[in-house]
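Read the structure below first, then the notes.
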Amino acid sequence: MNQSFELPLRQIACVMLTRYVENHWGECDEDGNPSEASGCGPVATDQAKRTIRKILPNGLYDPNSKIRSSVAHTISTIATTDWPSVWTELFDIIIKCLGGNENSIHGAMQILEDFIYDEKQIVELGPVVISEVYRIFESEQNYTIKTRTLAIRILKKLFYSISLNITDKQEQAPMMNSILTSFMEKLIHYLSMNSGTTSNFMLRTEIVKILTFLVTGMPKYIQSYMERILPVIWQLLTQIADTYVKVIVNQTEISPFPVTYSDCGDDEDELTNFTNMIVQIFEFIQCIIGAGKFRATIKNVLTDLIYIVIVYIQVPEEQIEEWQEDPEKFVEDEDDGGMELTVRVSGQDVLVALYEEMGSEILPSLQEALSRHMNVAEAEKAAGNEFWWKIQEACMVAVHAYNELILKSEDQFDLLNYLTVVRNCLNYHDCPHLVGRALWTLSTYSGSKLFNPQMLDEILMVTLQSLQEDKSIILKISAVRAIYSFVKNHEKPNDEKRALIQNKLTGFLEGILDLIQGCKSSVLGMLLEALTTIITFDKSFAVTAQNKLIPLALAVFLKYPEDPFILEVVQELIKALCQNPHCLQPLQDKFISTIVSILSLKDEQANTAKQDIALDVLTTIVRYSQAPLSSALIENAFPAMIHCVLRSDDHAVMVAGGECLRAYIFVSPEQIYAYKNGEGLNYTMQLTTMLLNPMNNELTAGQIGRLVITIITKMGNMLGENVDLLLKAVISKMQLVECLKVIMSLVVVFAHLFLTQTEAVLNFLSTVPGPTGEPAMQFVFNNWLSKQTSFFGAYERKVTTMALCKLFEYGVTTQDSRLTSVNIKDLVINETTNQSTRVKTRSQTNHQWVSMPALVKMFKLLINELSHLREAHLVDYETESDDEENLGDKGEKSLINNSPPKQRFVSDLYFNTDEDDDNDDDQLTQELLNGPLFQTNMEENLTKFLQNFSSSEHFPMFVSSLTDAEKVVLKSIQVEVA
């Protein structure tokens, strides 16, 4: 806090103090007493804490903003444990600062921006803070725009805290309405003002952010203001468009926006704030489009909205210069929207949002907006404006966003006329960006019946010419993208158009190979993807091209061992070559010796050789080869792989080795078993048991379940007593594992066996002792049933759920004591003592451990799984709801009402009930999922299963163990419960 010291020294002291507080302040127990901070050393003494709390607030008045910000962050960190129970005067300190000078106001606001309120604090302190925030925001004569902007940020944080903590609508509504009554007039006022001393782009951006939050998080409260807000937003967007085009897109005018300097010397570039505001407005519009309450408003201005968005997605001059200097950035920026959030990208996001919400309704408006822009472009070209082409290019970007929609609804869009306009753009050779975009656009529609062979041949010739050495790099990359689309669109139909593309493949190959020299990761990846598509398109052409492509694949593999993107792409190329019988042997001849050399390295050399990557490539080669495997793969690569993994302590090598062994066994188990008169089986057991070693890092067993299943499934009768050894090793590994993915992998082994060899695995688990002496059956079910609701992945989810169905049915039908005698401990919520409707924290909820039969738990899990599947199908209905308050009131919208917190599943992200994972290249998984056992719709299967069981004599006994929530699920499928 001593201002006599030099600023760098004080800043270092700030950092050290912040770290000290984060690591040594500790947490408070329920009585407000500090407790030992876990793993961070001793907690600071009470005297040290008192001293820091006394001195630290002085820093809020410091003239340097970085010091103030650091002090504010440290105070916020302390407040999470000490306020209000220990540091009772903190709020008074903050209020005092808010009434002080510009420096102290900034410091106090920094604290409030970091502050986390609970329900009591937001109710008691919120009104006071809001009053101060409003006072500062409206006092344009007393405070700078920067300070007033900070006030708006705090207001947004308060709105968020209200929505999070005050869930009672009757309590929330008066609080929100009173705030908005005060603020909304001023927010709209400053949003509609031109930049000046009292409003600038940064302030207006923060206002739009607040409006965006209200639309998405609290739409009920903003609805009555929308008739006034939307015209202001629209006026702002249209008024600044001309400035944006002249200053940023074409740079025909110098920026009129000033650059000011803060007290730290940082630039506050108003031009940057200008573009940030446009991005934020587009985000606001996206939210409006997605909100059912306001969608009708968008429909009324649809044509104008598309028109103005196309204006903004014109490519800026600065971006063109960057692309020319760095083609890598061109590929990244134009790859389906780009990685960086720019105005151009945000505009495309708006177009996509319109597509997703309105479908084919949008096409007439798109057509009209395009016609208007084409007329403007023609007028600009006639007037000699050198940038006329940019609006045409932006129109093509817009049309690209609607590619699928237009092809499905050609009768609602004049595609022929539009393609004619785009085709004419190929003549403007002095505009490489326009020609490149035109080629890409034409290629994406080349599958349409409107494309006749003559037209396609002409465009293919332009594409070929665009790859010539003297052409712009931007045009060349666009031509490669076009090649990819031409080939993709004609993979299946064997017609004249396909033959035309085949005739050009040699030229395309040469042009792409010429581009590869010296290119970087993103460009290289795109070129390799195009090459892979070409050789998949024409198998015979691949044979003629292999002499160039195989050395290329090997060179890329050796040069980019640490680039996961390139490695993935080059493995797709290797896969495509392996799947071509005429290319497989030449590829193996080139690759195997190099891979064996890498796998044979030891000690220090091995650590730097990326042996895990070499194993991944070997796995790809093996996986896409046909049995019998070549001598090189069996006699050279197989033992090299085994020895490499067995001597390695690198878990990445171990995991890759397990996958490689699995590929070998999947493709040719007989060859592995027969290798050196049984040595292959010994190697298999050695490597697998090493991966299952409880002392090894558990991450080495992430895919072990699939390896064990592959061994048992594919080697079957060859294993003999090794089956028992494998399963005992699985149980031993399960004992010390904590990672969910690994537990799931191990459980799936037994789930799969229950489905395929029920009696054998029941015998095994009931006779083999578990880690604590009880039968292994008890141990396995304890680990499985307690984690089932968290399992994820299409195969894993399906196999474990189906195994539970089979086990439950078998156990109930046979009353087999091996199953009926198993009891497990389960954590449940005691509903009888927890009647309050008030939301409780985890610590307040009355959890209780109970013992229940494993079959009862299975029944509950099957009901839970059905509930999850049914709710997943209702998500679309919920998102379409116009009134957020009604979601919980519509019968089956929530299948478990008034229940404890529902189980949430990681698999929500990508588990589909009856569809294979098309992106999963795991042949074993595909083979298993395509088997007759898995050809069922899981929701229908579970529904019928539970309905059938309801007529069983055992049903009443199981129903008596259900919660009210679980009974609701059964009632939803017309199962009567007492």
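The values are calculated or read from the model by the stated rules, or taken from the named source; none is laboratory data. From a predicted model like this one, the values you see are computed outputs, not experimental measurements. Glycine also receives a Cβ, built like all others from the backbone with ideal geometry; neighbour counts cover every protein chain displayed. To get the accessible areas, we keep the full protein, side chains included, count just its heavy atoms, and leave off ligands, DNA and RNA. Shrake-Rupley method; radii C 1.70, N 1.55, O 1.52, S 1.80 Å.
Going by the alpha-carbon gyration tensor, a ≥ b ≥ c the square roots of its eigenvalues, is segment 414-509 rounded (a/c under 1.5) or, if a/c is not under 1.5, prolate (a/b greater than b/c) versus oblate?
Note, shape of segment 414-509 comes out oblate.
Would you kindly state how much longer the chain becomes between residue 234 and residue 404 on full extension, computed as 0.36 nm times their sequence separation minus their alpha carbon distance, in nm to one decimal?
Working it through step by step, the gained length comes to 58.3 nm.
At a 1.4 Å probe radius, which order do 227, 698, 368 fall into by accessible area, largest first? Walk me through the numbers on the way to the answer.
Details: 227 160, 698 45, 368 100 Å².
So, going from the largest accessible area down, we get 227, 368, 698.
What distance in nm separates the simple spin-label points at residue 417 and residue 182, each placed 7 Å from Cα in the Cβ direction?
Simple spin-label model gives 5.6 nm for this pair.
What does the C-alpha gyration tensor say about the overall shape of segment 165-204? Classify as rounded when a/c is under 1.5, otherwise prolate if a/b is larger than b/c, or oblate.
In terms of gyration-tensor shape, prolate.
Report the calculated FRET efficiency for residue 272 and residue 449 (r = Cβ-Cβ distance, R0 = 51 Å), to the nearest 0.05.
0.60
What does the net charge come to around residue 10 if you take all other residues with beta carbon closer than 14 Å to its beta carbon, with K and R at +1 and D and E at -1?
Details: positive: 66, 68; negative: 6, 62.
Computed value for this residue: 0.
Residue-wise, which Karplus ³J(HN,Hα) couplings in Hz belong to segment 540-556, taking 6.51 cos²θ - 1.76 cosθ + 1.60, θ = phi - 60°, and x for glycine or proline?
With coefficients 6.51, -1.76 and 1.60, one gets 5, 5, 4, 5, 6, 9, 4, 5, 9, 7, 5, x, 4, 4, 5, 5, 5 Hz.
Any idea which of 763, 314, 91 is furthest toward the positive side of the dipole for the chain, if Lys and Arg beta-carbons carry +1 and Asp and Glu beta-carbons -1?
763
Where a ≥ b ≥ c are the square roots of the eigenvalues of the C-alpha gyration tensor, would you call the chain rounded, which needs a/c under 1.5, or, failing that, prolate if a/b is larger than b/c, or oblate? Numbers along the way, then the final one.
Working: a/c = 1.61, a/b = 1.10, b/c = 1.46.
It comes out oblate by the Cα gyration axes.
In what order, largest first, do 341, 464 sit by accessible area if the probe radius is 1.4 Å? Show your work: numbers first, answer last.
Numbers: 341 110, 464 50 Å².
Result of the area sort, largest leading: 341, 464.
Given only helices, namely DSSP H runs of n ≥ 4 each adding -39500 (n - 2.57), what is the per-residue ellipticity at 222 nm of the chain, to the nearest 500 deg cm²/dmol?
When only DSSP H runs of four or more count, the value is -21000 deg cm²/dmol.
Could you check the spin-label model distance between residue 13 and residue 220? Points 7 Å from the Cα along Cα→Cβ, value in nm.
It is 5.1 nm.
What's the FRET efficiency of residue 321 with residue 144 using the Cβ-Cβ distance as r and R₀ = 35 Å, to the nearest 0.05?
About 0.50, to the nearest 0.05.
Once R0 is set to 35 Å, what does the formula 1/(1 + (r/R0)^6) return for the Cβ-Cβ distance between residue 960 and residue 164, expressed as a FRET efficiency to the nearest 0.05?
The pair residue 960/residue 164 has a calculated efficiency of 0.35.
Compare 389, 323 by solvent-accessible area with a 1.4 Å probe and give them largest first, with all protein chains kept in place. Mind dumping the intermediate values first?
On the way: 389 25, 323 5 Å².
My answer, sorted largest first, is 389, 323.
Remind me, relative contact order of the chain in percent, using alpha carbon pairs under 8 angstrom and six or more residues apart?
5 percent
Find the accessible area per residue for the chain; the probe is 1.4 Å, ligands and nucleic acids are left out, and the unit is Å². Show your work: numbers first, answer last.
Details: 43880 Å² over 978 residues.
Accessible surface, normalised per residue, equals 45 Å².
Can you give me the % of accessible surface on the chain that is carbon or sulfur? Probe 1.4 Å, all protein chains present, nothing else counted.
Ligands and nucleic acids excluded, carbon and sulfur give 49 percent.
Among residues other than residue 951 whose Cβ falls under 15 Å from its Cβ, what is the net charge (Lys/Arg +1, Asp/Glu -1)?
-2
Among 631, 331, 512, which residue has its Cα furthest toward the positive end of the charge dipole of the chain, with +1 on Lys/Arg Cβ and -1 on Asp/Glu Cβ?
In the chain, that residue is 631.
If each residue of separation counts as 0.36 nm, what is the full-extension length gain between residue 495 and residue 697 once their alpha-carbon separation is subtracted?
Length gained between residue 495 and residue 697: 67.2 nm.
For residue 726, what is the net charge nearby, where nearby means another residue's Cβ is under 14 Å from its Cβ and Lys, Arg count +1, Asp, Glu -1?
Details: positive: 662, 706, 714, 728, 733; negative: 721, 724.
Summing Lys/Arg as +1 and Asp/Glu as -1 gives +3.
Whole Å is fine, so just give me how far the alpha carbon centre of segment 153-170 lies from that of segment 696-754.
Here the answer is 49 Å between Cα centres.
In terms of modelled amide H atoms, which long-range or inter-chain residues lie less than 5 Å from the amide H of residue 823?
The answer is 854.
Calculate, in nm to one decimal, what residue 646 and residue 948 gain on full extension: separation in residues at 0.36 nm each, minus their alpha carbon distance.
103.6 nm
Say each of residue 20 and residue 368 gets a label point 7 Å from the Cα, pointing the same way as Cα to Cβ; how far apart are those two points in nm?
Each label point lies 7 Å from its Cα, and together they span 6.8 nm.
To the nearest Å, what is the center-to-center distance of segment 939-959 and segment 102-148, using C-alpha atoms only?
59 Å
I'd like to compare 638-650, 76-88, 470-482, 492-504: which one has the highest average count of other Cβ atoms within 10 Å, and what's the full order after that?
470-482, 638-650, 76-88, 492-504
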